[in-house]
Amino acid sequence: MPKVIYEKKGEVAYVTLNRPDAMNAIDQETHELLREIWQDFRDDDALGAAILTGAGEAAFCAGADLKTVIPAWHEANASFPRDKLHDGFGGITRGLHRIYKPIVAAVNGWALAAGFEMALACDIRIASEHARFGSFEIRRGFHHSDGGIVRLVNTCGVGLALEMVLTGEPLEAPAALARGLVSRVVPAGELMAAAEDTVARILRNDRRAVASAKETILDVVGRPLDDQLMVEALYGYAMYANPTVSSRLQRFYDKTDTGRAGKHETAL
């Protein structure tokens with residue numbers, strides 16, 4: 001069986017970590033497969049969004065396969081950290097983090113260590129009721145190095161980042177929802193349907209607008225307010241030249257746009 005299952009169904013890419021016997025931990029081969037998969041997803045114009053999940057019920061991803069990865073790290077030379085700057089864990093944590101197509105994480109179980117970082121690198125996280133998140137590296141004498149601290153601060157704030165990273169204690173799904181780490185918590189049997197529903201709501205929208213909105217969000221993080229406002233205005237007003245705006249506005253005026261809520265509700 002492949003260590004990663006990559007399927008294309010219409011506009012959606014399904015990426016499934018497929019090492020359930022190892023809690024979907026990432027060894028070097030799996031890392032390289034993921035990097036190739038995310039490059040293909042980025043470059044395939046037929047695809048508009050992706051869902052990332054793990055095989056089995058126990059784990060989304062338990063992080064790096066320490067039995068194979070740590071020895072290689074110990075043997076690395078002094079240039080190793082610099083070499084890793086454009087080679088983030090599983091591709092999307094760093095190096096391929098500027099894919100502007102949305103990626104939804106369907107977190108089916110434990111998201112640990114670098115697996116937690118991979119979940120954070122996704123744009124939207126939907127959790128099974130059994131999902132748990134852990135930043136356990138501190139117990140082993142090191143800490144996140146593939147975006148875990150950065151994205152946890154950006155997503156949930158300094159308070160949760162300090163709590164999770166310094167204590168090394170896990171966060172269960174209801175607490176993750178309350179702290180803004182995940183968007184929804186659903187029964188395990190409904191996880192993929194919930195992820196697919198979210199993707200369908202993304203794909204009803206214009207591809208260029210979605211990509212620009214994601215780029216805008218990434219580009220305003222950490223900037224001073226005036227810079228944030230300028231970036232948003234520059235990117236946002238440029239979208240009025242998008243060729244689909246006229247037809248989409250007409251459907252709005254006619255009350256026929258897809259997935260409309262309220263008095264003139266339409267199907268998704």
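The values are calculated or read from the model by the stated rules, or taken from the named source; none is laboratory data. Here the structure is a predicted model, which means the values were calculated and not measured. Note that we place each Cβ from the backbone using ideal geometry, even for glycine, and neighbour counts take in every protein chain shown.
The figures follow:
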quantity: Meets criteria (closer than 30 Å to E11 by Cβ, outside any helix (DSSP H, G or I) and outside the structural domain of D257 (by TED's automatic domain parsing)) for L181; calculated: yes
quantity: Evaluation of T216 against (1) of a type outside the set (F, W, Y); (2) assigned to a helix (DSSP H, G or I); (3) in contact (Cβ under 8 Å) with a residue 60 or more places away in the chain (one fails), failing number; calculated: (3)
quantity: Residues (over 16 Å from G95 (Cα atoms) and among the basic types (K, R)) located in segment 114-166; calculated: R125, R132, R139, R140
quantity: Checking F142 against (1) under 19 Å from M23 (Cβ atoms); (2) hydrophobic (A, V, I, L, M, F, W, C); (3) at pLDDT below 95, the condition it does not meet; calculated: (1)
quantity: Qualifying residue in segment 70-87 (condition: touching a Leu at 6+ places or on another chain (Cβ under 7 Å) and either closer than 22 Å to S128 by Cβ or hydroxyl-bearing (S, T, Y) (or both)); calculated: no
quantity: Residue within segment 106-121 that is part of a loop (DSSP other than H, G, I, E, B), modelled with pLDDT of 95 or more and more than 14 Å from L181 (Cβ to Cβ) present; calculated: yes
quantity: Segment 172-196, residues that are loosely packed, with under 15 Cβ neighbours inside 10 Å and more than 19 Å from F133 (Cβ to Cβ); calculated: G189, E190, A193
quantity: Qualifying residue in segment 89-105 (condition: in a helix (DSSP H, G or I) and in the same structural domain as A188 (by TED's automatic domain parsing)); calculated: no
quantity: Some residue of segment 224-233 being surrounded by 13 or more Cβ atoms within 10 Å (Cβ to Cβ), free of Cβ contacts under 8 Å to residues at least 24 places away in the same chain and part of a loop (DSSP other than H, G, I, E, B); calculated: no
quantity: D65 being at pLDDT below 95 and either surrounded by 24 or more Cβ atoms within 10 Å (Cβ to Cβ) or at negative phi (or both); calculated: yes
quantity: Test result for L34, out of contact with any Leu (no Cβ under 9 Å at 6 or more places or on another chain), in contact (Cβ under 8 Å) with a residue 12 or more places away in the chain, assigned by TED's automatic domain parsing to the domain that holds T198 and of a type outside the set (S, T, N, Q); calculated: no
quantity: Within segment 184-213, tally of residues that are assigned to a loop (DSSP other than H, G, I, E, B) and touching a residue at least 60 places away in the same chain (Cβ under 8 Å); calculated: 1
quantity: Selected residue (only one of I92, I149, I126 is surrounded by 15 or more Cβ atoms within 10 Å (Cβ to Cβ), under 25 Å from K214 (Cβ atoms) and in contact with a Lys or Arg (Cβ under 8 Å, 6 or more places away or on another chain)); calculated: I126
